[in-house]
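Data first, discussion second: the structure below is written as structure tokens.
The values are calculated or read from the model by the stated rules, or taken from the named source; none is laboratory data. What you see is a predicted model, and the numbers here were worked out from it, not measured in a lab. Note: ideal-geometry Cβ built from the backbone for every residue, glycine included; neighbour counts use all protein chains shown.
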Amino acid sequence: MRRTSWKNWHGNLRCTARVEEPDSLAALARVVRDGASRGRVRLCGGGYSWSPLVPTQDTLIRMGRLTRCLSFDRDADPPTVRVEAGATIGELTAALRARGLSLISPPMFDRVTVGGAAATGSHGTRMSAGCFADSIASMTLVDASGEVVELDGADAGALRAARVALGAFGVIYAVTLRCEPAFRVSVEQRYHPLEHVLDELDDLTSTYEFAELLWMPGEPDVLVRGLHRTTSPETPELWPSGNLHRLRMGTGVLAGELMMPAIVRLRPDLAPALLRFGRAVMFAEGAWVRAAAREWHHIDAYPRCLDFSCSVPIAATATAFRIIRAAIEEHRSRARFPVNLAAVARFTGPSDAYLAPCEGRPSCFIEVAAVRGTPEFDGFHRELYERLSAAIAGLRPHWGKLLLSPATWRDRFDKLPEFLAERRRFDPDGVFLNEFLEREVFSL
């Protein structure tokens, strides 16, 4: 196999490796066994992560030909689906909807793969669930010898480690996911004064099982999306509504890919005006009833961007948001606009996966995004991380987003020792590590 160049969606990560694309479990086992005999093995889903979990100089396995739904069990309690790890969240969501089922806490971006979403601890917004990987009831993985290993609750420690494993445990071939019967949600989307919302967060998270905040820098109010289950029928849609949604999303991507990058380089003082335009186009107030599976992915098109995200204990949400707002306003007072997309907050329950950012506690995931090419973002990102880290002892990074200084937050993952013990049991020779994981994350 000749060496091939690889880069991620954003373009901030690259490597040259022996790239393999197996199309069956037998082929995957053979590729892993051969790769392990030559060196190290890493794997890649959709390539949408910003963090350097994938790059290797040895063997890189692309999962894009392992996308099948293998079985459905609607009669189980709860219902389950067994799916290959290369399937995207969008593909799986469509297959489940056709059978009257729904995923539990899937990530909003539905182009990521099932395996990638699990491996990085990705999440939706749901107070009654942790991250997406918590819905994994069992999995089939391939170890460094090419042996196929089945993991389930009988080996609870291994399963808790493997659910969110950063690709360092073995190559996940397929997972069995707990699902639930499809349901509808009543959506309330309103703007409220930011300070009022921060003061009343307990009320927000107790009122809505699914809650989300979206704040455009410089604005005095914040968009509150609150969802709760309902048996009411879906709100009728006029025939152009689907086209209008696609137009809104397309306009947002166009602004993020072309207009905003040019503005931040040439006329940064115009960035606030374009943000207000984007807010008006994409995020109108309203109330409606929709299938929950549609509302999980209400933003379904994204510009390439820079994205920093972290998890904080839910009680620290207001503190984190105020730190972010203060840092942004300080830069804006000097006519600098390092955050020119949005700050978003989503809320989850606790996870039992050892390396999940929300492990052991209800959490708020806060992300801050800017378009590619934003001149001040790198410095702002570092400054913001330092402020948040100093003020909030429980801050943990999102594994799939931009990562800084692993040595400063490694000890904030309380179950890291348990994870490393299980990882050594399954991969004692470190076949599934790369340099970033070995030296910076795990300090091996």
Residue list for the stretch 16-47, filter: part of a loop (DSSP other than H, G, I, E, B) and touching a helix residue (DSSP H, G or I) at 6+ places or on another chain (Cβ under 7 Å): Pro22, Gly45, Gly46
Residue match in the stretch 215-238 (condition: among the acidic types (Asp, Glu) and under 16 Å from Glu295 (Cβ atoms)): yes
Return only the number of the condition from (1) modelled with pLDDT of 95 or more; (2) buried (at least 19 other Cβ atoms within 10 Å of the Cβ); (3) of a type outside the set (Ser, Thr, Tyr) that Phe169 does not satisfy. (1)
Selection count, the stretch 366-392, where residues are without any contact (Cβ under 8 Å) to a residue 12 or more places away in the chain and among the hydrophobic types (A, V, I, L, M, F, W, C): 1
When you look at Phe321, is it at pLDDT 95 or above and out of contact with any Lys or Arg (no Cβ under 6 Å at 6 or more places or on another chain), yes or no? yes
Would you mention how many residues in the stretch 394-432 are among the aliphatic types (A, V, I, L, M), part of a loop (DSSP other than H, G, I, E, B) and over 21 Å from the mean Cα position of the chain (by Cα)? 1
For the stretch 181-208, the count of residues that are surrounded by fewer than 17 Cβ atoms within 10 Å (Cβ to Cβ) and more than 23 Å from Ala291 (Cβ to Cβ) equals 9
Do we have any residue at all in the stretch 143-165 that's of a type in the set (S, T, N, Q) and buried (at least 21 other Cβ atoms within 10 Å of the Cβ)? no
Looking at Ala369, is it under 25 Å from Ala161 (Cβ atoms), assigned by TED's automatic domain parsing to the domain that holds Leu227 and under 15 Å from the mean Cα position of the chain (by Cα)? no
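Here's the yes/no breakdown for (1) of a type in the set (A, V, I, L, M, F, W, C); (2) farther than 20 Å from Ala137 by Cβ; (3) within 21 Å of the chain's Cα centre (by Cα):
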position	(1), (2), (3)
Ser49	no, yes, yes
Pro52	no, yes, yes
Pro55	no, yes, yes
Leu66	yes, no, yes
Arg74	no, no, no
Pro78	no, no, no
Val83	yes, no, yes
Ala87	yes, no, yes
Leu96	yes, no, yes
Within the bounds of the stretch 8-23, is there any residue that is of a type in the set (Phe, Trp, Tyr) and surrounded by fewer than 17 Cβ atoms within 10 Å (Cβ to Cβ)? yes
Which numbered condition in (1) in a strand (DSSP E or B); (2) touching a Phe, Trp or Tyr at 6+ places or on another chain (Cβ under 9 Å); (3) more than 30 Å from Phe442 (Cα to Cα) is the only one that Arg290 fails? (2)
Neighbours by Cβ (under 9 Å, 6+ apart or cross-chain): first from the stretch 398-410, surrounded by fewer than 16 Cβ atoms within 10 Å (Cβ to Cβ); second aliphatic (A, V, I, L, M) and assigned to a helix (DSSP H, G or I): Arg410/Leu416; Arg410/Val441
For the stretch 250-272, does any single residue satisfy the condition of being in contact with a strand residue (DSSP E or B) (Cβ under 6 Å, 6 or more places away or on another chain), among the small types (Gly, Ala, Ser) and not in a helix (DSSP H, G or I)? no
